[in-house]
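Working notes for the structure below.
The values are calculated or read from the model by the stated rules, or taken from the named source; none is laboratory data. Computed from a prediction, not measured in an experiment: that's the story for all the values here. Backbone-built Cβ (ideal geometry, glycine too); neighbour counts: all protein chains shown.
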Amino acid sequence: MSEKIYAWLLRLYPSHFREAYGNDALQLFRDRARDEKGFLPRLRLWLDLLGDLALSVPREYLRVEPKLISSSARLSTKDGPCFLVLAGQPPGATALLTGGVLSLAALLMFSILLNHGVRPVPLSALFRPTQGATHGGSSAFKPSVPQATTSKGQEGTIASPSQQQPEMGAKTSAQANTMAREFQTKPPSSPASAQSSQQQDGQSPGATNPSRGETKLDATERQRVVDAAAAILKKYYIDRDNAQKMADALQAHERNGDDDAVPDGAAFAALLTKQMRAVKADRHLTLDYSETPFPELPAAPPPEELARYREAMKQQNCTFERVEILPHNMGYLKLNSFPDVSVCQATASAAMASLNNVDAIIFDLRDNRGGEPAMVAFMAAYLFDHPEYWYNPRENTTEQSWTHSPVPGNKLADKPAYVLTSARTFSGAEQFCYDVKVLKRATLVGETTGGGAHAGVWHRIDDHFGMGIPETKAINPFSKIDWAEIGVEPDVKVKAADALVTAEKLAQSKLEKK
Amino acid sequence: MPKRKLDPLPSAAFQILLALVGQDLHGYGIMRQVADQTDGRMRLGPGTLYSSIQTLVEEGLIGEVDLREDATFGHERRRYYRLTAAGRKLARSEAERLADLLRVARAKKILKGQYV
């Protein structure tokens, strides 16, 4: 009995030891067991054996085989990879089976995790502005207009993005071409009609709105939409190779009759979106359908719209909510959007001029939802004493990619600067944060920002169909990823509500050090 | 090459070398001889014993002789070990090293009496 136990314990030793000395060890055990009879000697024998096991088993596993040493010396003289097999015999069936089952289990676990558990959730999905949701047209495209503020009597004027955007899109055609894109990111239609293709991915449009079924599509109509979509892709989509492939795919599907079964326009738009994304998974690329006709984009801005915008901006002080000087001669500027420079330049200049003599400046962008890149660059110009490259992911580099620094008379270029951020800080405001951060010009205090970098350009196909195409993407000279989907990380992470106090303390201690 | 395994010489290995001076022994014989040499203080368990033997064989300090029966322990054939010239030399140098130590210890008067 006890010999069996010891024989079993011997299996703890590595195989090379068991092969060489297993029998001898067992024999030694038998010899001792025969010679040492009685309770106490037996007890001593087992204590010896257990102590011996505890000491010698680890030592045997640590032992380096002389065979290996000599062969590794030999191997190192050869070229190419090589490896040594430590096991003296091939793995047994049990080992192979266990290994196989474990590998399968791991594979299964990872695939389940990838499908359900750890899908990367873009931050912007959590902080997506609510107005995007009310306006189903293109939730993939980030709204870049300042969020509607409910100032008295202004709701009808600027509160609704769906009204503001066509107005802005129209206006900008008279201005810099770059601005036009900023505000054309959504189908300029009434909110009820446009249906997001992303929604359609998830659920049948027929189910959500049965009335859509009325619109019948014939082959001619479909062919026209497909041709127009292909043309737009080839003309505007930045990835030329995939644009061609997508266009070909759309036409091939139509030719092969894959599109024949669609019941209505919404389903057709969803199907085309799916076909395009099958070529390249670009969720900013979308083809939308609206039952109520998309309005034609006016060629020139109606003067009364522009006047209304001016009036609204005047009412809100161009969204400069607070401009004041805090204790310790700190300038504080709360800016809730980056409005149109042509309308608000005077206000912005006046605000900055009033803070010109402060010792440190705090930009509060916690409620800033973005706006015009031109205004972002305009504000940033005050922070530099020489033209600084001002990165905008939506633009390729032009002469406008540098700040117009120095600003005449400006004394803020060398003053400590702080930017307050929150999860609601979005789009153009994030550009401000990102650029001053990578340029190491300001300290960001607050929360990680919302993560809206890219927008789309809206292309009207006809009354009912339109396409959203992601904007071109400039090469980021800072060779870091931009803030799309992930936001801009603050330098000092605190709750948005505490950001101002924290920044004041930071600024104060910095000023005291001087 | 890694450092030699028997430098410093473990006491179990030294005891085995000493046990084999003047006689060939099998594993159990070595164990008993070591126990005798140390007044029963060192009882080599199978693992320690054969692991030491393995190392000593690899280093060429002892050699396996042949398989023989030992009449006192039944009819099983046993593997006998013999000290090699290198093993004898190492045992001697280790003993001299210990003797030197002993001299130092004596000079420092940490030993009671004059035995050994």
* To do: With the condition kept exactly as written, say whether any residue in segment B:45-62 is charged (D, E, K, R) and more than 17 Å from A:F17 (Cβ to Cβ).
  => no
* Could you check, for segment B:86-103, whether at least one of its residues is of a type in the set (K, R) and modelled with pLDDT under 85? => no
* How many residues are hydroxyl-bearing (S, T, Y) and closer than 15 Å to A:N329 by Cβ when one looks only at segment A:493-514? -> 1
* Name the single residue, out of those in segment A:24-48 being at the interface with chain B (Cβ under 10 Å from one of its Cβ atoms) and among the hydrophobic types (A, V, I, L, M, F, W, C), that is surrounded by the fewest Cβ atoms within 10 Å (Cβ to Cβ). => A:L47
* Structure fact -> When segment B:37-61 is checked residue by residue, the ones that are more than 10 Å from chain A (Cβ to nearest Cβ) and buried (at least 18 other Cβ atoms within 10 Å of the Cβ) are B:L56, B:L61
* In segment B:62-97, how many residues are loosely packed, with under 12 Cβ neighbours inside 10 Å and polar (S, T, N, Q)? -> 2
* Structure fact -> Scanning segment A:293-303 for residues that are more than 32 Å from the chain's Cα centre (by Cα) and under 12 Å from A:G466 (Cα atoms), the one modelled with the highest pLDDT turns out to be A:P293
* Asked: If we scan segment A:376-388, do we find a residue that is under 21 Å from A:G450 (Cβ atoms), touching a strand residue (DSSP E or B) at 6+ places or on another chain (Cβ under 8 Å) and in the same structural domain as A:L439 (by TED's automatic domain parsing)?
  -> yes
* Specify which of the listed residues (A:Y6, A:Y13, A:Y21, A:Y61) is of a type in the set (F, W, Y), more than 10 Å from chain B (Cβ to nearest Cβ) and either closer than 22 Å to B:P10 by Cβ or touching a residue at least 40 places away in the same chain (Cβ under 8 Å) (or both). => A:Y61
* Residue by residue through segment A:254-293, note down the ones that are among the hydroxyl-bearing types (S, T, Y) and assigned to a loop (DSSP other than H, G, I, E, B). => A:S290, A:T292
